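Colleague: Dumping the structure here so I can ask a few things about it.
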Amino acid sequence: MRPYFESIVESIKAFPLEEIDRAIEALYDAYKRRAQIFTLGNGGSAATAIHLAGDLNKTTITDLEAPRFRARALSENISQITAWANDLAYQEVFRQQLMNFLEPKDLIFAISGSGNSPNVLKAVEYGKGHGALVIGLSGFAGGKLGDLAHIPIVCRNTEMLQVEDLHSIVCHYITWELRAKLRP
């Protein structure tokens with residue numbers, strides 16, 4: 001097998017399965033309570049955050065008449081992101097959006113490859129201070145996000161491209177399991 005794939009396989013074997021299961025239960029609980037779920041991240045993590053929100057909103061549907069997830073990707077509104085970055089600071093792009101919408105008991109699913117993205121950490125700190133449950137998906141050794149999140153999912157790998165692949169796998173697994181829970 002080639003080194004890239006060998007490393008991915010080894011990292012999958014080391015997944016923190018208990019934390020992933022806790023995240024699934026937290027998301028399922030948010031669904032049952034009709035809580036909002038906010039996903040966020042930068043770069044490749046932004047793409048994963050947008051993809052996860054889409055999967056929660058669409059791929060988990062097993063009954064067209066049943067309640068649905070209420071997920072929103074804060075990484076996808078480019079006009080808001082650039083306005084906050086230009087007018088205030090890039091570190092505020094997610095926190096300022098949460099200030100518009102976050103309610104106590106909502107859920108934040110924060111994604112950062114390094115776990116140290118300042119704008120992600122500011123949003124997490126704001127969310128925790130306002131009663132949100134935080135799931136943090138990171139790589140490397142978890143970074144500050146691993147310490148701040150209520151449910152830290154750390155994909156232990158030191159290659160950013162591989163970390164992003166692992167994050168996609170985790171998010172698809174979470175979606176798969178939630179869809180199974182929602183089957184009539």
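Colleague: Enumerate the pairs (first residue in region 45-67 and at pLDDT 95 or above; second residue anywhere and surrounded by fewer than 18 Cβ atoms within 10 Å (Cβ to Cβ) and small (Gly, Ala, Ser)) with beta-carbon separation below 8 Å, excluding pairs fewer than 6 apart on the same chain, so at least 6 apart or on different chains.
Modeller: THR48/SER168; HIS51/SER168
Colleague: Filter region 32-44 for residues that are within 19 Å of ARG179 (Cβ to Cβ) and either modelled with pLDDT under 95 or surrounded by 24 or more Cβ atoms within 10 Å (Cβ to Cβ) (or both); which is nearest to the chain's Cα centre (by Cα)?
Modeller: THR39
The values are calculated or read from the model by the stated rules, or taken from the named source; none is laboratory data. Here the structure is a predicted model, which means the values were calculated and not measured. Ideal geometry is used to build each Cβ from the backbone, glycine not excepted, and the neighbour counts take in all protein chains shown.
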